[in-house]
Amino acid sequence: MVGILSALGLLLLALKAGGRKAIGQDIFVDVLITVTLMICFYGTFSGMAAAMVGGLVASVVLFIMKKTMTHEKLIFQNDPIKTPIAKIPRLKVKWKTVKPNWQ
C-alpha cells in the first residue's frame, strides 16, 4: 500500500511539472520514479518491495496514459545552416504532439 501511494504521489508530481511531456518520455519518468522510491525506502526488504511495487504501478499507469491520451514527444530534426561555402549541420529540437494509438 505504501509503494502504491508513493508511486501515485510521485507520478502526480511528474504530471504537474511536465504534463503531456512527462507522458511522452514515459521510460525516463518511470526509471526516475523507481530509483527515487528505491532511495527513499532503502534499508529493509519490505522497503525495497514497496519501491518495486510502486515502480510497477507507475509503469502501468504511464503505459495506459500513453496509449489513451494525447502527449508530446521530443524529436530531433536535421536543419542545416546554408552558407556560400558549405552546409553546417544543426539539430533542431521540437516537441511533437502525438495522438493516442489505441483505436
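Couple of notes before you dig in:
- Lone qualifier among Gly19, Gly43, Gly55, Gly47 - being at positive phi and modelled with pLDDT of 85 or more: Gly43
- Looking across the stretch 74-103 at every residue that is out of contact with any Ser or Thr (no Cβ under 8 Å at 6 or more places or on another chain) and touching a residue at least 40 places away in the same chain (Cβ under 8 Å), the one that is nearest to Met38 (Cα to Cα) is identified as Leu74.
- Residue in the stretch 58-103 that is modelled with the lowest pLDDT, counting only those that are over 17 Å from the mean Cα position of the chain (by Cα) and of a type in the set (S, T, N, Q): Gln103
The values are calculated or read from the model by the stated rules, or taken from the named source; none is laboratory data. These numbers were taken from a predicted model, which means no experiment stands behind them. Every residue, glycine among them, receives a Cβ derived from its backbone with ideal geometry; neighbour counts consider all protein chains shown.
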